[in-house]
Amino acid sequence: MKYRRLGRTDIEVSAVAMGCWALAGGHTWGSQDEADSIATVHAALDAGVNFFDTAEGYGDGYSEEVLGRALKGRRHETVVATKVSRRNLAHDAVLQACERSLRRLQTDVIDLYQIHWPGRTVPLAETFAALEKLRDQGKVRAIGMSNFGIGDLTDLLTIGHCQTDQLPYSLLWRAIEHEIQPKCVDESIGILCYSPLMQGLLTGKYTSPDEVPDGRARTRHFSKDRPSVRHGEPGCEAETFAAIARVRQISASVGESMAKVSVAWLLAQPGVNAVLAGARKPEQIRETAQAAALTLAPETIEALTEATEKVKQLLGTSPDIWGGKAEGRFR
Ligand SMILES: NC(=O)c1ccc[n+]([C@@H]2O[C@H](COP(=O)([O-])OP(=O)(O)OC[C@H]3O[C@@H](n4cnc5c(N)ncnc54)[C@H](OP(=O)(O)O)[C@@H]3O)[C@@H](O)[C@H]2O)c1
């Protein structure tokens with residue numbers, strides 16, 4: 001495993017982190033067995049992963065609870081990131097949400113506390129003051145944002161700084177490259193890449209859109225005719241699956257799995273601090289963790305970039321994976 005400094009802090013995090021959303025199961029992921037979840041966290045630790053990302057919003061706190069149970073006795077080896085939900089951004093609500101997360105995680109400090117989505121009803125300065133208070137009290141070590149676009153980051157930078165911005169970034173979701181990534185690089189804000197495997201599309205398990213379960217076929221790659229889709233757009237299923245086929249070929253040509261190659265590509269991109277790889281089974285995180293040791297040749301990186309360029313252009317500049325271009329929640 002390779003380790004990097006989290007933002008400008010002295011906290012060392014594994015380049016491949018484990019994302020714990022799927023541990024909550026639910027509509028997107030389907031049922032998830034807790035014993036599998038705990039075994040997956042232990043496999044991550046054994047593979048050198050020390051960085052775990054969760055949120056109070058994942059299964060209404062259940063993901064945090066499972067992570068807390070899984071890390072019992074090994075919490076000191078880890079860096080735990082969680083998030084306060086958009087509904088809890090008023091000053092006192094942030095303080096109370098943090099206490100609840102600490103309890104569920106069975107810890108007395110959150111290493112990275114992030115605003116999950118910008119709220120824009122409570123003044124950002126009010127939320128930020130609460131986060132700083134928690135840091136001053138020693139309940140939080142570092143402050144991060146998530147889903148902050150140029151407008152929200154600019155507002156933030158007038159009142160303070162954050163160590164990281166957690167953003168959707170993968171070979172099949174490159175919208176942040178247009179503006180947000182360069183801004184993060186300029187401002188020394190570390191990028192934490194979420195949904196790096198595009199929720200399984202980049203693992204090679206699906207060869208056509210029809211094979212993708214409905215809970216995962218809600219992103220803007222898929223047609224508005226799929227159930228539960230809220231973006232109202234035609235999607236770009238044919239181009240997405242053509243890009244996946246090309247990524248499969250390139251991965252085979254270097255003798256590596258698509259999942260590893262996809263994560264290694266991200267780790268080679270500017271400003272990327274860590275990749276939050278979701279996993280529900282031990283073998284999944286064992287595989288993606290190995291991507292930290294995989295250095296792709298410049299021509300392989302270029303070929304992968306080229307293979308997904310058309311999808312990038314078709315999806316446009318809105319980084320919102322699920323919301324239509326018109327109601328995109330990024331600003
Ligand atoms: N800040 C935000 O708004 C936000 C939003 C989304 C995600 N996140 C964070 O980012 C993390 C990762 O994103 P994600 O969970 O959406 O998606 P992801 O990492 O792109 O995909 C994870 C899923 O892919 C499958 N998978 C993983 N490794 C595999 C392997 N080696 N071989 C085959 N299949 C494999 C697993 O599902 P199956 O086995 O079911 O196929 C797994 O749950 C989340 O857990 C969360 O921490 C944050």
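Below is a table of values for the structure above.
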{"quantity": "Considering residues of region 275-296 that are without any contact (Cβ under 8 Å) to a residue 40 or more places away in the chain and more than 9 Å from the ligand (Cβ to nearest atom) only, the residue surrounded by the fewest Cβ atoms within 10 Å (Cβ to Cβ)", "calculated": "T295"}
{"quantity": "Residue ID - least open to solvent (accessible area, probe 1.4 Å), chosen from residues in region 203-239 that are within 30 Å of V79 (Cα to Cα) and outside any loop (DSSP other than H, G, I, E, B)", "calculated": "G215"}
{"quantity": "Subset of region 176-202 (residues that are within 16 Å of the ligand (Cβ to nearest atom), assigned to a helix (DSSP H, G or I) and closer than 19 Å to A268 by Cβ)", "calculated": "I176, I180, Q181, C184, M198, L202"}
{"quantity": "Residue satisfying condition, being in contact with a His (Cβ under 7 Å, 6 or more places away or on another chain), farther than 21 Å from E179 by Cα and acidic (D, E), within set E126, E132", "calculated": "E126"}
{"quantity": "Of the criteria (1) out of contact with any helix residue (DSSP H, G or I) (no Cβ under 6 Å at 6 or more places or on another chain); (2) on the phi > 0 side of the Ramachandran plot, which one Q106 fails", "calculated": "(1)"}
{"quantity": "Top-ranked residue in region 47-57 [being within 12 Å of the ligand (Cβ to nearest atom) and of a type in the set (A, V, I, L, M); ranked as farthest from T164 (Cα to Cα)]", "calculated": "A47"}
{"quantity": "Filtered residues of region 23-35 (kept if in a helix (DSSP H, G or I), near the ligand (Cβ under 10 Å from one of its atoms) and under 16 Å from R69 (Cβ atoms))", "calculated": "L23, A24"}
{"quantity": "Lone qualifier among Y169, Y113 - being within 14 Å of the ligand (Cβ to nearest atom) and either farther than 22 Å from I301 by Cα or of a type in the set (A, V, I, L, M) (or both)", "calculated": "Y113"}
{"quantity": "Test: V49 is in a loop (DSSP other than H, G, I, E, B) and among the β-branched types (V, I, T)", "calculated": "yes"}
{"quantity": "Residue list for region 251-270, filter: more than 8 Å from the ligand (Cβ to nearest atom) and surrounded by fewer than 21 Cβ atoms within 10 Å (Cβ to Cβ)", "calculated": "A252, S253, V254, G255, E256, A268, Q269, P270"}
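Table: residues versus (1) open to solvent by 70 Å² or more (accessible area, probe 1.4 Å); (2) among the hydroxyl-bearing types (S, T, Y); (3) within 16 Å of the ligand (Cβ to nearest atom); (4) in a helix (DSSP H, G or I).
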| position | (1), (2), (3), (4) |
| --- | --- |
| L45 | no, no, no, yes |
| G59 | no, no, yes, no |
| R69 | yes, no, no, yes |
| V80 | no, no, yes, no |
| R100 | yes, no, no, yes |
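The values are calculated or read from the model by the stated rules, or taken from the named source; none is laboratory data. Predicted, not measured: the structure shown is a model, and the values here were computed from it. When we count neighbours, we look across all protein chains shown, and the Cβ atoms used for this are built from the backbone with ideal geometry, even at glycine. With ligands, DNA and RNA removed, areas are computed over all heavy atoms of the protein, side chains included. Shrake-Rupley method; radii C 1.70, N 1.55, O 1.52, S 1.80 Å.
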